[in-house]
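Data first, discussion second: the structure below is written as structure tokens.
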Amino acid sequence: MPSSLSDQASLLFRGMTLWKLTGKVDAISGLSISVAGIHNMSAVGDRLQIGNQGVSPVQAEIIGFDHKLARAMAFESLDGIGPGTSTSLYVTPDFKPRGGMLYVDDRWLGRIVTPLGEAADGKGFLPQGRIPRPVRCAPPEATGRARLGPRIDLGVRALNAFATCREGQRLGLFAGSGVGKSTLLAMLARNTACDVAVIALVGERGREVREFIEDDLGEKGLARSVVVTATSDAPPLMRREAALAAMTVAEHFRDQGKSVLLLMDSVTRYCQALREVGLSTGEPPATRGYPPSVFAELPRLLERAGPGPILPDGSSGQITALFTVLVEGDDMNEPVADSVRGILDGHIILDRRIGENGRYPAINILRSLSRSVPGCNSPEENALTKRARSIMATYSEMEDMIRLGAYRQGSDPRVDEAIRLHPLLETFLQQDRHEQADIEEGFTALKAILT
């Protein structure tokens, strides 16, 4: 049942048009559409329909103004749109013009959807929920949010032991192309102990979407997941919307008190879409071509993940989020990576050299950390991981000398121990993509190696 009078009114008048603003396309420049005749009654974020009678309308969004012209970008191809094409802005009680709405429904589980809330899996009609949710909204009030929950089993040994995660925590997964991000995400989607998984594929290659869903995610993983996808050929506004829509879907399940896993691949492509939108409005490029608005929008998205507001019964839902960052040229200090690292609660580094040596997941343990450790582990577990890190650091420091045969065994007991335990630790960190690792068993195995 609707929870308030406003919700009841929304259901009663859903689909009724209160008024319609009409205008015409004045000019098209690159990705930007200039619309005349609606500037007095519209604002940034309003949704438009562009198209002449008898032609399927194209959805667009107002991104700025230039004197008396509204500047918009389309969610679809601009083919067939030209000067004089009519535009319409519809306003209804349940569709407020300041940004889009999604009618998220529990029956979206197991489905693949577009950022506009339409079916993308060929399985027919996508059920629509009763209450609309805005795709652009503020994070929960800082003082009204719950705290992080207990530690969560991610099903990946290396992460469970050395970057232990708590419910509601946000981690960044940093890697160059081809180092195994998608495979690791699929392992997390299948194995993480959560109620619901929401997966955002932002700017992915078209051929990889089906491969990811069928080969990596699998039937079991898809059954408890909602996949939101916008491929690399989609307009920048659609790629931007994919990240916002996925967050909105995650918030729907979080507000039911559920533990939600949000996987977004990738934040970098979300920022690239924001860059294209910003440059189209005339923003000046700043750091490596990114306009300032990109680094303002980034925390607005990332802060929406995490612990939800405290519910009346004292409980709360959680969005545990992992955001991948595609670093350019394996530069972990490039602008997007640097900004994301400062916002999130930890970072996981995938190292190309480790992958080339045949160890997957190619996680660089020494450069990865979770800010919730050591608070979520026992003193004994913290002592184990601290000692293991020390051993791996010692081996890494002496690795070149060991390979060259320049180190003489017996010269340093710490190095001798590192040489003896290195193969065992490498085996511990290695995991087949279809293998699930329990967090308790992982610490037990690590203890057996070190004692």
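Hey, among Arg190, Arg210, which residue is in contact (Cβ under 8 Å) with a residue 12 or more places away in the chain, open to solvent by 10 Å² or more (accessible area, probe 1.4 Å), farther than 26 Å from Pro139 by Cα and among the basic types (Lys, Arg)? Explain how you work it out, then say what you get.
Details: Arg210 fails: in contact (Cβ under 8 Å) with a residue 12 or more places away in the chain.
Matching residue, one of Arg190, Arg210: Arg190.
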Mind checking whether some residue in the stretch 148-158 is closer than 23 Å to Cys271 by Cα and under 20 Å from the mean Cα position of the chain (by Cα)?
no
Please verify whether the stretch 411-429 includes one or more residues that are surrounded by 15 or more Cβ atoms within 10 Å (Cβ to Cβ), touching a Leu at 6+ places or on another chain (Cβ under 9 Å), in contact (Cβ under 8 Å) with a residue 60 or more places away in the chain and of a type outside the set (A, V, I, L, M).
yes
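If only one of Arg387, Arg403 is under 17 Å from Glu426 (Cβ atoms), modelled with pLDDT under 95, in a helix (DSSP H, G or I) and open to solvent by 60 Å² or more (accessible area, probe 1.4 Å), which one is it? Break it down into steps so the answer makes sense when it comes.
Details: Arg387 fails: modelled with pLDDT under 95.
Just a single option satisfies the conditions, and that option is Arg403.
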Residue by residue through the stretch 122-135, note down the ones that are part of a loop (DSSP other than H, G, I, E, B) and in contact (Cβ under 8 Å) with a residue 40 or more places away in the chain.
Gly129, Arg130, Ile131, Pro132, Val135
Of all residues in the stretch 276-293 being part of a helix (DSSP H, G or I) and in contact (Cβ under 8 Å) with a residue 24 or more places away in the chain, the one that is nearest to Val336 (Cα to Cα):
Glu276
For Thr92, only one of the following conditions fails: (1) within 29 Å of Gly278 (Cα to Cα); (2) at pLDDT 90 or above; (3) surrounded by 13 or more Cβ atoms within 10 Å (Cβ to Cβ). What is its number?
(2)
Could you check the stretch 228-275 and list, in sequence order, the residues that are open to solvent by 10 Å² or more (accessible area, probe 1.4 Å), in contact (Cβ under 8 Å) with a residue 40 or more places away in the chain and in a strand (DSSP E or B)?
Thr229, Ser259
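Quick grid of which residues meet (1) open to solvent by 30 Å² or more (accessible area, probe 1.4 Å); (2) of a type in the set (Lys, Arg); (3) free of Cβ contacts under 8 Å to residues at least 12 places away in the same chain:
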{"residue": "Ala296", "(1), (2), (3)": "yes, no, yes"}
{"residue": "Leu302", "(1), (2), (3)": "no, no, no"}
{"residue": "Gly306", "(1), (2), (3)": "no, no, no"}
{"residue": "Thr320", "(1), (2), (3)": "no, no, no"}
{"residue": "Ile349", "(1), (2), (3)": "no, no, no"}
{"residue": "Ile354", "(1), (2), (3)": "no, no, yes"}
Yes or no: the stretch 75-86 includes at least one residue that is outside any loop (DSSP other than H, G, I, E, B), of a type in the set (D, E, K, R) and surrounded by 14 or more Cβ atoms within 10 Å (Cβ to Cβ).
no
Every listed condition ((1) more than 16 Å from the chain's Cα centre (by Cα); (2) more than 30 Å from Gln256 (Cβ to Cβ); (3) surrounded by 22 or more Cβ atoms within 10 Å (Cβ to Cβ)) holds for Asn364 save (3)
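The values are calculated or read from the model by the stated rules, or taken from the named source; none is laboratory data. Remember, it's a predicted structure, so these values are computed and weren't measured experimentally. Using ideal geometry, Cβ is built from the backbone for each residue, glycine included, and neighbour counts are taken over all protein chains shown. The protein model used for the area step is the full one, side chains on, heavy atoms only, and it has no ligands, DNA or RNA in it. Shrake-Rupley method; radii C 1.70, N 1.55, O 1.52, S 1.80 Å.
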